[in-house]
Amino acid sequence: MAVTDRQEEPAPPATGIARWLDRWGTAASFFWGFAEATLFFIVPDVIVGAVALVAPRKALRAAAAAVAGAVVASVALFAWANAWGQTARAAIAAVPAVHPWMFADAARGLADHGGVVMIASAFTGIPYKVWAFEMVVENWTLPSLMAWTIPARALRLGLVAGGAGLVGWFGRRRIMVGPWLVLGVWLAIWVAIYVEYWTRVGL
């Protein structure tokens, strides 16, 4: 009897931007995670999702790298805020879309609910750096700051990596043929998210 089933054709090899993300995306996620946790203003979800779309096997690795970058940043923030105090606060407040009310809300949330409030902070619109600064000025220890940083960053990054990774896995053949198209859509989604966010909270 003739065999009629055909094996699924493998995805084309990664080229161009897809190859770069496959090779360097995890490292880029680490540095992006560090930068956004300090003075950068675009979340590392952007690079983590891009990696997940074109290299889904590395999706969780990229998310973990971004979390690790934030943990390293928490050490830098702890030292910076302790040494420079209001100068550090002023630098953080100068980051686009960071406002004085965010510091007050973060301080109130930490006082009312403790470190667990940082986990929910992934969806509140108050940047991680604000929460970290308030933890330092309220005399939280460095181990506590580092410990709460992990779930605070991992929750949303894990969801982004998982969701984009599934899209990348099931659509990998088409994505590899035209990675710029899917990455362009991904970037357009984030532009829309930031336009809405900046409109709501102000720059």
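The values are calculated or read from the model by the stated rules, or taken from the named source; none is laboratory data. The model shown is predicted, which means the values in this text are computed figures rather than measured ones. A quick note on method: Cβ atoms are made from the backbone with ideal geometry, for glycine too, and the neighbour counts reach across all protein chains shown. Quick note on the areas: whole protein, heavy atoms, side chains included, nothing else; ligands and nucleic acids left out. Shrake-Rupley method; radii C 1.70, N 1.55, O 1.52, S 1.80 Å.
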Check: Has the range 62-78 got any residue that is over 17 Å from GLU36 (Cα atoms), out of contact with any His (no Cβ under 7 Å at 6 or more places or on another chain) and not aromatic (Phe, Trp, Tyr)?
Finding: no
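Give the range 171-197 a look and list any residue that's closer than 19 Å to PHE41 by Cβ and free of Cβ contacts under 8 Å to residues at least 40 places away in the same chain, or say none.
ALA188, ILE189, VAL191, ALA192, ILE193, VAL195, GLU196, listed by residue number.
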Item checked: Within the range 70-94, considering residues that are over 16 Å from LEU145 (Cα atoms), touching a residue at least 24 places away in the same chain (Cβ under 8 Å) and out of contact with any Lys or Arg (no Cβ under 7 Å at 6 or more places or on another chain), the one surrounded by the most Cβ atoms within 10 Å (Cβ to Cβ) -> ALA88
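Search the range 52-63 for residues being in a helix (DSSP H, G or I) and within 21 Å of TRP180 (Cβ to Cβ), and hand back the single one that is most open to solvent (accessible area, probe 1.4 Å).
Only one residue tops the list, namely ARG57.
Each row is one residue, and each column tells you yes or no for (1) in a helix (DSSP H, G or I); (2) at pLDDT 95 or above.
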residue	(1), (2)
ARG6	no, no
ILE17	yes, no
GLY25	yes, yes
SER29	yes, yes
PHE34	yes, yes
PHE40	no, yes
VAL43	no, yes
ALA50	yes, yes
ALA65	yes, yes
Note to self: Residue under question is ALA97, and the condition is that it be touching a residue at least 40 places away in the same chain (Cβ under 8 Å), outside any helix (DSSP H, G or I), open to solvent by less than 10 Å² (accessible area, probe 1.4 Å) and over 11 Å from LYS129 (Cα atoms); does it hold?
What the structure shows: yes
Margin query: Any residue at all in the range 106-119 that's open to solvent by less than 10 Å² (accessible area, probe 1.4 Å) and under 30 Å from ARG173 (Cα atoms)?
Written below: no
Next item on the list: Inspect all residues belonging to the range 143-160 and state whether any of them is among the charged types (D, E, K, R) and in contact with an Asp or Glu (Cβ under 7 Å, 6 or more places away or on another chain).
Entry: yes
Next item on the list: Kindly provide the set of residues from the range 181-203 that are surrounded by 13 or more Cβ atoms within 10 Å (Cβ to Cβ) and at pLDDT below 90, ordered by number.
Entry: VAL201
Note to self: Need pairs with beta-carbon distance below 6 Å; first residue over 12 Å from ALA154 (Cα atoms) and within the range 110-124, second open to solvent by 50 Å² or more (accessible area, probe 1.4 Å) and among the aromatic types (Phe, Trp, Tyr); sequence gap 6+ or separate chains.
What the structure shows: GLY115/TRP148
Check: Which residue pairs have Cβ atoms closer than 6 Å, lie 6 or more positions apart in sequence or on different chains, and pair a first residue in the range 32-60 that is free of Cβ contacts under 8 Å to residues at least 60 places away in the same chain and farther than 16 Å from ALA164 by Cβ with a second residue that is part of a helix (DSSP H, G or I) and open to solvent by less than 10 Å² (accessible area, probe 1.4 Å)?
Finding: PHE34/GLY69; PHE34/ALA73
